[in-house]
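Participant: The structure follows.
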Amino acid sequence: MLSSLPYFLAYFGSVILLAASFLIAYVAITPHKEFSLIRDGNTAAAFQLVGTFIGWTIPMAVVIGFSHHLIDMVVWGVVSLVTQLLIFFVMSRILFRGIEARISDNCNASGLFVGGVGVAFGILQAGCMVP
């Protein structure tokens, strides 16, 4: 069992860096400041960010389980990151213009909707990433 420890450390360390990269990229492209809003008690921003983050982690868990090389996991992590960013862009700029303002105003329905869509698309991504 201990012979697998270096692989665990490599994968876990890499996925932690990818997770931090995801959060940094995601909050950078959204027009509102999720972390500040969450610190101020905005539950809509928390729903949105947590749901989207879970939507990113689901495919990552699947990819980690099926990848044979660390680079595969990293590449699919970036693909999942870009997919989640595109989903937010399509929702906020095309389908539901102004939803980010509603999240900033603490509209829980909007935050929950965006977060839920992120989870749903994460599940779909995970299904598509299985070899």
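The values are calculated or read from the model by the stated rules, or taken from the named source; none is laboratory data. The model shown is predicted, which means the values in this text are computed figures rather than measured ones. We place every Cβ from the backbone using ideal geometry, glycine too, and count neighbours over all the protein chains shown.
Participant: Could you please find all residues in the range 7-23 being over 11 Å from Leu70 (Cα atoms), surrounded by 11 or more Cβ atoms within 10 Å (Cβ to Cβ) and either touching a Gly at 6+ places or on another chain (Cβ under 6 Å) or without any contact (Cβ under 8 Å) to a residue 60 or more places away in the chain (or both)?
Facilitator: Within the range 7-23, Leu17, Leu18, Ala19, Leu23 qualify.
Participant: Now for a separate question. Within the range 25-66, which residues are among the hydroxyl-bearing types (Ser, Thr, Tyr) and either free of Cβ contacts under 8 Å to residues at least 12 places away in the same chain or in contact with a strand residue (DSSP E or B) (Cβ under 6 Å, 6 or more places away or on another chain) (or both)?
Facilitator: Listed by number, the list holds a single entry, Ser36.
Participant: So, one more: With the checklist (1) over 30 Å from Asp105 (Cα atoms); (2) buried (at least 20 other Cβ atoms within 10 Å of the Cβ) in hand, flag the one item Ala44 doesn't pass.
Facilitator: Single failed check for Ala44: (1).
Participant: Could I ask something else about it? Take Leu85 and tell me if it is modelled with pLDDT of 90 or more, in a helix (DSSP H, G or I) and crowded, with 20+ Cβ neighbours inside 10 Å.
Facilitator: No: the conditions fail for Leu85.
Participant: Can you tell which of Leu37, Leu112, Leu124 is hydrophobic (A, V, I, L, M, F, W, C), within 30 Å of Phe8 (Cα to Cα) and at pLDDT 90 or above?
Facilitator: Selected residue: Leu124, the only one of Leu37, Leu112, Leu124 that is hydrophobic (A, V, I, L, M, F, W, C), within 30 Å of Phe8 (Cα to Cα) and at pLDDT 90 or above.
Participant: Answer yes if at least one residue in the range 32-54 is more than 13 Å from the chain's Cα centre (by Cα) and on the phi > 0 side of the Ramachandran plot, and no otherwise.
Facilitator: Yes: one or more hits.
Participant: Going through Val62, Val78, Val130 one at a time, which residue ends up being surrounded by fewer than 21 Cβ atoms within 10 Å (Cβ to Cβ) and within 22 Å of Pro31 (Cα to Cα)?
Facilitator: On inspection, the qualifying residue turns out to be Val78.
Participant: For the range 25-35, does any single residue satisfy the condition of being hydrophobic (A, V, I, L, M, F, W, C), surrounded by 19 or more Cβ atoms within 10 Å (Cβ to Cβ) and in a helix (DSSP H, G or I)?
Facilitator: No, the range 25-35 has no match at all.
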